[in-house]
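First the structure, in the form of structure tokens, and then the observations on it.
No lab work stands behind these numbers, since they all come straight from the coordinates. Keep in mind that what you see is a predicted model, and the values were worked out from it rather than measured. Quick reminder, even Gly has a Cβ in these numbers, built from the backbone with ideal geometry, and neighbours come from all protein chains shown.
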Amino acid sequence: MKNIYKNSPKNLNKAKKILKKNNIIAVPTETVYGLAGNAYSNISIKKIYKLKKRPKKNPLIIHYYNLEGLKKDANINKKFLKLYKKFSPGPLTYVLQKKKESKVSSLANANLKSIAIRFPKNVVIRNLLKQLKFPLAIPSANISSNVSPIKATDVIDEFGKKINFILDGRRSKIGLESTVVSLYGKTKILRPGAISHKKIGKILKKKISILKKAKELQSPGLLKRHYSPGIPINLNCKKTDGKAAFIVFGKKYKKARNVFNLSHNGSLKEAAKNLYKILRKIKNLKYKKINVVKIPNQDIGIAINDRLKRASR
Ligand code: TXA
Ligand code: MG
């Protein structure tokens, strides 16, 4: 397709040029695809919010190549360094105190005192970040409240011709957005993801809680309906009717036209990778209702249940 660009030195150069002009491109990451813009530029950030139809009070994650770039923008602490060593680059986002002298646009972090940062692992986005003199604000590449994209063509599904440069990085390995951990104030999980509260607790040697009722501004993205295919979803179903799309997990479910198995082998990792693919497919098949079986609430299953719950509101 015309607006999808393969990973090559020539295309990375093109991407760089577009970003330097404060324009927006779509990029792959190992979690989901994102819309990327120069984090230092108010113009870029305004474009991102407009494209996504995103409420201005919902802050963006700033993506860096390594620690060096970050040090100008956030105050780091011991907990951060321990987690960084273990999990970055990777699917973990840290909320830290923003430095007063930071050049990151205050529009990008909704004028908060904190800033969310991540070091993505996907090689294509890492190559790009390495070559830039500024970090990138990268929210997921979906219209606000829709399901996140996990491959280049999903971005076209969301934005059509509005995004004319999509950097291809194959299918996102993880398929769910990063874990967001706040290290600003009490350590807690604001959004569950591939790196569970248990894994984080093990490194920090303490019990880490998952924020249940999102207070406004703490993680505004968690407030309302989100990650939604725009179809009513019923959770913890034991059975279904022939009309609804039935999302199942494990061996015991028979194949049928309306049955969508997250993982036949009962692997939660595989289920996470398939969730958004299946939700997008069901939406495109124009089902009017979705029934979902109970998904084990452990490891990345916690993140799957989190997204399903928010999608079902
Ligand atoms: O995996 C990911 O994180 C993807 C890829 C593209 O990197 N990005 C992503 O960004 O999911 P977005 O904008 O869709 O979600 C960012 C989340 C929101 O829930 C937002 O509220 C939260 O991070 N967030 C950002 N800055 C924050 C801050 N200063 N304090 C608390 N939460 C923050
Ligand atoms: Mg998002």
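For the pair S8 and S106 in one chain, pulling the backbone fully straight at 0.36 nm per residue adds 32.0 nm over the alpha carbon distance. In µm²/s, what is D for segment 65-188 at 37 °C and 0.692 mPa s, where D = kT/(6 pi eta Rh) by Stokes-Einstein and Rh is the Kirkwood radius from Cα pairs? Once the numbers are plugged in, D ends up at 208 µm²/s. Exceedance of the 18 Å cut-off in Cα-Cα distance is limited, within the set K82/K206; K71/K130; K72/K206; K186/K309; K198/K277; K53/K277, to K72/K206; K186/K309; K198/K277; K53/K277.
The amide H of R191, built 1.01 Å from its N in the peptide plane, has V180 as neighbours under 5 Å, considering only residues 5 or more places off or on other chains. Relative to the Cα centre, the charge distribution of the chain, modelled as +1 at Lys and Arg Cβ and -1 at Asp and Glu Cβ, gives a dipole magnitude of about 340 debye. Using θ = phi - 60° in the Karplus curve 6.51 cos²θ - 1.76 cosθ + 1.60, the 3J(HN,Hα) couplings for segment 35-52 round to 9, 10, x, 4, 5, 7, 10, 4, 4, 4, 5, 4, 5, 4, 4, 5, 4, 7 Hz; x is entered for Gly and Pro. The residues T179, T153, when put in order of fewest to most other Cβ atoms within 10 Å, stand as T153, T179.
In this structure the amide hydrogen of S114, modeled in the peptide plane, comes within under 5 Å of the amide hydrogens of K98, none closer than 5 places in sequence on its chain.
Around H197, with a cut-off of 9 angstrom between Cβ atoms, what is the net charge of the other residues, counting Lys and Arg +1 and Asp and Glu -1?
Numbers: positive: K188, K198, K199, K207; negative: none.
Charge balance near H197 sits at +4.
Note on K113: aspartates and glutamates with a C-alpha under 17 Å away, same-chain residues under 8 apart excluded, are D73, E101, E216.
With point charges of +1 on the Cβ of Lys and Arg and -1 on the Cβ of Asp and Glu, referenced to the Cα centre of the chain, which listed residue (L204, Y287, L275) lies farthest in the positive direction of the dipole? Result: L204, furthest along the dipole toward the positive end. So for the chain, considering every pair of alpha-carbon atoms, how many percent are separated by more than 24 Å? So the portion of pairs separated by more than 24 Å is 51 percent.
Among Y253, Y227, Y276, which one shows the highest mean-square fluctuation when the chain is modelled as a Gaussian network with alpha-carbon springs under 10 Å? So, out of Y253, Y227, Y276, the one fluctuating most is Y253. Test of understanding: given the chain, find the longest segment containing no GluC sites (Glu not before Pro) that are in a DSSP loop and have at most 15 other Cβ atoms within 10 Å. Counting at most 15 other Cβ atoms within 10 Å as exposed, the longest clean stretch of the chain is 102-215.
Ranked by how many other Cβ atoms sit within 10 Å of their own Cβ, fewest first, the residues H197, H63 fall in the order H197, H63.
In order along segment 288-295, the phi-based Karplus estimate (6.51 cos²θ - 1.76 cosθ + 1.60, θ = phi - 60°) of 3J(HN,Hα) comes to 9, 8, 10, 10, 10, 6, 5, 10 Hz; Gly and Pro are listed as x.
The H on the amide N of G34, modeled in the peptide plane, is under 5 Å from the matching H of V27, T29, A141, each at least 5 residues off or on a different chain.
For segment 117-197, the average shadow cast by the Cα convex hull is 6.6 nm², which is a quarter of the hull's surface.
Backbone phi angles across segment 15-23, fed through the Karplus curve with coefficients 6.51, -1.76 and 1.60 (θ = phi - 60°), yield HN-Hα couplings of 4, 4, 4, 5, 5, 4, 7, 6, 9 Hz in residue order; Gly and Pro are listed as x. Our note on the geometry: Cα centres of segment 233-298 and segment 163-184, 22 Å apart. The convex hull drawn around the Cα atoms of segment 233-311, when projected onto a plane and averaged over every direction, covers 4.6 nm².
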